[in-house]
1. Among [x] 20.0; [y] 19.6; [z] 18.7, find the value of Kirkwood radius over Cα pairs in Å that was calculated from the structure presented, and write down its label.
2. Using Cα atoms only, what is the angle between the long axis of helix 100-113 and the major principal axis of the chain, expressed in degrees (0 to 90) to the nearest 10?
3. Too long at a 32 Å Cα-Cα cut-off: which of Lys93/Lys226; Lys59/Lys93; Lys59/Lys223; Lys77/Lys174; Lys93/Lys174; Lys59/Lys226?
4. Ignoring everything except DSSP H segments at least 4 long, calculate the 222 nm mean residue ellipticity for the chain; use -39,500 (n - 2.57) per segment, divide by total residues, nearest 500.
5. Magnitude of the Cβ-charge dipole of the chain, K/R +1 and D/E -1, about the Cα centre, nearest 20 debye?
6. For the Cα atoms of the chain, what angle does the longest principal axis make with the long axis of helix 40-53, in degrees from 0 to 90, nearest 10?
7. From the phi of every residue in segment 185-201, what ³J(HN,Hα) in whole Hz does the Karplus formula 6.51 cos²θ - 1.76 cosθ + 1.60 yield, where θ is phi - 60° and glycine or proline is x?
8. Quote the accessible area belonging to Ser205 in square angstrom, nearest 10, computed with a 1.4 Å probe and with ligands, DNA and RNA left uncounted.
Amino acid sequence: DRKFTLNTTTAQPSLTTDGAAALGVKEIVSSFDSAFPTDPNRTTNLTVASNTINGTLIKPGETFSMNGVLGERTTAKGYLEGNFIADGGRLQKTVGGGVSQVSTVIYNLSWFAGVQLVEHKAHSFYISRYPAGREATVSWPDLDNKWKNTSPYGILMQMWVSGGQVHGRMWSTKWVDVTANPGPRTNPRTPQTFTDASPTCVPMSAVPGFDITVQRVISQGGKVIKTENYSTSYLPENAVQCTGPTHS
C-alpha cells in the first residue's frame, strides 16, 4: 500500500558501445598461466590481486601500473601474510606476500602482446616456477610493473586463479607476433648454507645464481620490426636451516 516517488536522471556512459567496438577488443592476443605451490594464505593473495586486475582496460597510449591498480596490499582488502624476498635475499612474511606471481603473469602477457615494457625488476634470486630472465617482482610503493599500450587497439586484462594456477589473458586485436629466445645461463654462483634460530626464520633451499639474457623479437607481417635484449643477474639463493624451538 506504500508508494515512493523516485526522481531519475539520464547518465551518459564514459565508454559508449560504438567506442568500445572501435577499440578492437575481440580476440586473445597473449596468454600465460603460472602454477603455484600449495599455501592457503598465498593463494588468497593471488586471488585477491587477480580479481582486482581482472577487467582492467588500457586504451592506446595509456600505461598499466600494477601498483596503480592494486594500491597498497592490506588486510582490509583481504590480503594475508605470505613470503617475500627481503633485503639480503632472505624470505620474510609480509601482508600481500606472493603477488609477484601475478606480476610475472602480467609481465609475460605484456611481453608476448608486443607492448612497451616500461618498468619491471626480476627477483633477486631464481625461482624455478618462473621462466628464467622473464619474470617480475613487485613491492608497494616503490617497485612497480608497468607497460605501455603501444598498439593501435585497446587491451582488456583478464585474470583469475583456478586449478593451482594464475591464469592471464590479454584481449585486443592481433597486430604483431612475438617470440622469446633465452640465451645460455652463464657465470654460475654457488650458494652457501646458514642456520637461523630466530622465531621468524623461514627455511630456504639452495639455488645457484647465474646470468641470462633473453631476446624479444617482434615481427609484423613476417618481417622483424624490433629486437630487444633483457639481461638478468640472479644472486645465489642461500640455504637457510631454521633451528629455533618453533621449527623443531
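1. This structure yields the entry labelled [x].
2. Relative to the chain, helix 100-113 is tipped by roughly 60 degrees.
3. Working: Lys93/Lys226 41 Å; Lys59/Lys93 36 Å; Lys59/Lys223 26 Å; Lys77/Lys174 35 Å; Lys93/Lys174 40 Å; Lys59/Lys226 22 Å.
Result: Lys93/Lys226; Lys59/Lys93; Lys77/Lys174; Lys93/Lys174 exceed 32 Å.
4. On the way: 4 runs with 39 residues, N = 248.
Computed mean residue ellipticity for the chain: -4500 deg cm²/dmol.
5. Numbers: 21 positive and 18 negative charges, 80 e Å.
Using Cβ point charges on Lys, Arg, Asp and Glu, the chain gives about 380 debye.
6. For 40-53 against the chain, the angle is about 30 degrees.
7. Working through the residues one at a time gives 7, 10, 6, x, 10, 8, x, 10, 10, 10, 10, 9, 9, 6, x, 9, 4 Hz.
8. Number for this one is 80 Å².
The values are calculated or read from the model by the stated rules, or taken from the named source; none is laboratory data. Remember, it's a predicted structure, so these values are computed and weren't measured experimentally. No Cβ is skipped: glycine too gets one built from the backbone with ideal geometry, and neighbour counts run over all protein chains shown. We work out accessible area using only protein heavy atoms, side chains counted, and drop any ligands, DNA or RNA first. Shrake-Rupley method; radii C 1.70, N 1.55, O 1.52, S 1.80 Å.
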